[in-house]
Each structure stands twice: as C-alpha cells, then as structure tokens.
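Right, one structure below, let's go through it.
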Amino acid sequence: MISFTNFLVLFLDPLTGHLTLTVYLMAVTDEHAVWKRLKKLPLLLLSPLIITLLSIGLYYVPGLQTIWYYISSLSILVLCSLWVQWTWRFKLWQALAATCMAGIFQVAESTLSRVLLWNLPLNEIMPHIPVFGIYLGISILVSLLLYKLRFGAWFRLLLDNESAPWQTALLLLALEVVMEICLRLLSGVQSKFLALYYLLVAAMVILIAMLIIYLAQQFDSARKLQMQQDVIAQQQLYEQDLETIRREVRTFRHDYKNLLAGLSQQAGAGELKKLRHTLSELDVGFELRLGNKIQTTAQIGNLQIPEVRSLMLNKLTIMQNKGIECVLEVLYPVMAVNMDVWDFVRCLGILIENAIEAALDTKQPWVEIVLLSQNGQVFFRVSNSYINTVEPGKMWNDDWSTKGVGRGLGLSSYQHILESYPNASPCTSWENGVFVQELTVEGRP
C-alpha cells in the first residue's frame, strides 16, 4: 500500500511537469497576456492529480506495468490539449500542435534533468522540492530565451496556417513521441555515455526548433508571394477601371455639345422644371457611371500599406462581382499601423468577409468601409445591411453564424488576434438593419 508521502512525491513530479509545460506554452504561442492565461491554470492542475491516480492504478494492474508510462503520457497529452483549446480558444489541431511543441521542450528538459532525481528517496518529500524548483527555473530561463529569439512568433505563424493544420499537428506529435522515447531510453544508458547522450538530446531539440522556424519561413515566403501576386492582379483591375473612366470621359466629351444644345433650348423656352430634371439625371448618371469609380480610385490611392491596399482591392472586386453596393472612404493617407501588418490585414479581412456574407442576405446589399489615420491612430469601420438576429452571447464562439453551425468564420479568431494588442479596441453595434464593426488602433505613445 502506498503511503501518503510517496503519493505526494509521485504527485509532485507530474505537477512540476504540467507547470513547466505551461511555461513553454507561453513561449511557443508568443503569449504576452500571460496573467490572463494563468487565471485559467487551476483547472489544469486537476490533470496531475488524475495522472497520479491513473499511474498508481495502472502500475498495480497485471500486464500493464510495462506500458503504464505511455498510457499516462497519452492521457497528459489529451488533457493538456483540451485545456489549451479552452484557454487559447484554439481549434483542436492547433491545440494539439501547440501542446506537442511545448511538450518537446518539456520532455527534453526532463531528459536532461533526470539525473538530478537519481538516488532521491521516495519516502521523503523535502529533498525533491529544491530539485523540482531548479527544474521549473530552467524552463523559465529557456522560455525567456525563446521569447528573445522570437521563436513563438515563427511558431504562431506556422500554427495559424489554416491550409494544413492537421499535418503540422501530426508532425509535432511524431517529434514529441521521439522525445518521449529518448526519455525512456535514458535508464538504459551507461554512465560513461551520458554526456554524449545529453549532447544528442540537446542537438535534437535545437534541430527541431530550427525545422519549425524553417517551415514557418517557407510558409511566410509563400504567403508574401501570394500577396504580391494579388497586388499585381488587383493593380491590373485598377488599370482596367482607369481605362473605363477614360472611355466614359471620351464618350461624355463627344456628347457634350449635344447636351449643351438641349439644355440651352430648355433654358431659352423657360422650361425650368425640365431643365432641373435633366440636370439631376445628368448628375445621377455621371455619379453612377464615373463618380463612384473616380471616388474609389482616389480613396484607394490613400492606402499606402501594400498589404492593406491589396486586401481592399480584392474585397472590392468580390463585392462588385456579387452585386453589393460598396462605398469606400479613406480621407487621409494610411501609411502605417501600430500592430503587425499581417495581423491587421487578417482582422480587416475577417470583418469585411462577415459584412459581405451578412449583406448578401438582404434585398439591397450594401457595405460601407471607412479607414482613417490621424496622429498615429488608425480607425477602421465596416457597416453593412443586416436582417438576421444577433446573438451577443454566441457571436464570439468558434464557427458562429446566423446560417447555422459550421457556416461562418465567427469572430473568435478576430478576438484572439486582438488579445495580443492592448492598444487595439474593437466595438460592435447593430440597429435598424445596420451592423457595424469598428476597430481603433492607437499609435505609439
């Protein structure tokens, strides 16, 4: 029968491992709102208790003594992934990938630090406390180094790759399994080969980290190349609009004399009502044929951030093809924004896509986009026609949509991006068939 002291010693090991895993999770996800995540830590602390009870139970089951470690490790992976999914609001594959990445560092550190636990008595808890304190301290130092090297920023870039989330998760799961095997093989390594063994483990961790950074850089390069291709394609559309304006102006100039002759005849005959009506029709016709294109062309010229301009041109093209009336206002040059430009583009893309989807449900779909920059502050607002019922308690959930589960992007990803930017303030409102989303990004103090 296991004593209470033995139980505490056995519980202290997974408890320290979970705390270490949490520290590495903060680093690999490039988390800056650390305290906000730590407030949800108490629920995770149930996991080491469950794992301790499970390990004790499996150890005394005949035939499971040899595989109890692997069952416990799998249970830890599942429980931690569920906690990460809840805490970071990740999707399942993202949560698994983040847990495995943090687990690689945690298991590697366990392998390198396991020698500290050798020859410690299981019936005394005090000798274990300083050892586990050192173990946790090392994880904090390594995590600070990862922050310094911006490893988390590269990993988040790879983690947010929505084209192949399960491939990334399975790759990291395989690498985490390799590190677990290395930990289990430690007991069979002779003392004279320990230094070489530790060197190999450290080299493996460094190579894995370099592999992740390389894959993230490749994804980043492909994304930037795609954005450049979008810019080229949208610039061609931009030139087509200019050509359309040029042709319309030539046509208008060709008919100019005839229009003046007709207006002069109406004025001479004293037909002021007809004259006003004709002038009104000319003004409306000019606005429909040329005014909107000229205004949009001028507004786009104020978007001096290439990534934002490319996104806006793309969305304007989509709305034009779908028959959505769109008004764009960029009254002042927008040259910079005080957040990562790709995160800013993702935020704008999510809001505009949601506005397009909602507007299409109305009889007369329209979208109005306003982007202002003044004194370092950038203000974005997108409003659209809207007929569905808004559910404030659900609209921030994953896959929320007025059309049903799984139909919409929801605003959870948008909210998660903004959690890393305390200078960004979102605002949502709806009234009388108009839905409005606003985003204000303060400048540097």
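The values are calculated or read from the model by the stated rules, or taken from the named source; none is laboratory data. Computed from a prediction, not measured in an experiment: that's the story for all the values here. Here the Cβ positions follow ideal geometry from the backbone for every residue, glycine too, while neighbour counts run over all protein chains shown. Protein only, heavy atoms only, side chains kept; ligands, DNA and RNA dropped before computing areas. Shrake-Rupley method; radii C 1.70, N 1.55, O 1.52, S 1.80 Å.
Scan the stretch 59-68 and tell me whether some residue there is surrounded by fewer than 19 Cβ atoms within 10 Å (Cβ to Cβ) and on the phi > 0 side of the Ramachandran plot.
Within the stretch 59-68, one or more residues are surrounded by fewer than 19 Cβ atoms within 10 Å (Cβ to Cβ) and on the phi > 0 side of the Ramachandran plot.
Give the stretch 87-101 a look and list any residue that's crowded, with 22+ Cβ neighbours inside 10 Å and of a type in the set (A, V, I, L, M, F, W, C), or say none.
Matches in the stretch 87-101: Phe90, Ala95, Leu96, Ala97, Ala98, Cys100, Met101.
Does the stretch 221-237 include one or more residues that are touching a Leu at 6+ places or on another chain (Cβ under 8 Å), at pLDDT 70 or above and surrounded by 12 or more Cβ atoms within 10 Å (Cβ to Cβ)?
Scanning the stretch 221-237 turns up no residue that is touching a Leu at 6+ places or on another chain (Cβ under 8 Å), at pLDDT 70 or above and surrounded by 12 or more Cβ atoms within 10 Å (Cβ to Cβ).
To keep it simple, each residue is scored yes or no on (1) part of a helix (DSSP H, G or I); (2) open to solvent by 10 Å² or more (accessible area, probe 1.4 Å); (3) out of contact with any helix residue (DSSP H, G or I) (no Cβ under 8 Å at 6 or more places or on another chain).
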residue	(1), (2), (3)
Val23	yes, yes, no
Trp35	yes, yes, yes
Leu53	yes, yes, yes
Leu79	yes, yes, no
Gln85	yes, yes, no
Gly103	yes, no, no
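Of the residues in the stretch 132-144, how many are open to solvent by 70 Å² or more (accessible area, probe 1.4 Å) and either under 15 Å from Ile212 (Cβ atoms) or modelled with pLDDT under 90 (or both)?
Count: 1.
Residue check, Val405 against (1) at pLDDT below 90; (2) closer than 21 Å to Ser420 by Cβ, all met but one. Which one?
(2)
What number goes with the only condition from (1) at pLDDT below 65; (2) open to solvent by 40 Å² or more (accessible area, probe 1.4 Å) that Phe193 does not pass?
Of the numbered conditions (1) at pLDDT below 65; (2) open to solvent by 40 Å² or more (accessible area, probe 1.4 Å), the odd one out for Phe193 is (1).
Any residue at all in the stretch 167-177 that is free of Cβ contacts under 8 Å to residues at least 60 places away in the same chain, open to solvent by less than 60 Å² (accessible area, probe 1.4 Å) and either in contact with a Phe, Trp or Tyr (Cβ under 8 Å, 6 or more places away or on another chain) or part of a helix (DSSP H, G or I) (or both)?
Yes, because at least one residue in the stretch 167-177 is free of Cβ contacts under 8 Å to residues at least 60 places away in the same chain, open to solvent by less than 60 Å² (accessible area, probe 1.4 Å) and either in contact with a Phe, Trp or Tyr (Cβ under 8 Å, 6 or more places away or on another chain) or part of a helix (DSSP H, G or I) (or both).
So which residues in the stretch 358-371 are open to solvent by 50 Å² or more (accessible area, probe 1.4 Å) and either within 25 Å of Val337 (Cβ to Cβ) or free of Cβ contacts under 8 Å to residues at least 24 places away in the same chain (or both), if there are any at all?
The answer is Lys363, Glu368.
Which residue out of Ile181, Ile208 is in contact (Cβ under 8 Å) with a residue 60 or more places away in the chain and of a type in the set (Val, Ile, Thr)?
Ile208
Run Leu49 past the list (1) open to solvent by 60 Å² or more (accessible area, probe 1.4 Å); (2) within 30 Å of Pro422 (Cβ to Cβ) and report the number of the one that doesn't hold.
Failed condition: (2).
Residue check: is Tyr147 open to solvent by 50 Å² or more (accessible area, probe 1.4 Å), at pLDDT below 90 and of a type in the set (Ser, Thr, Tyr)?
no
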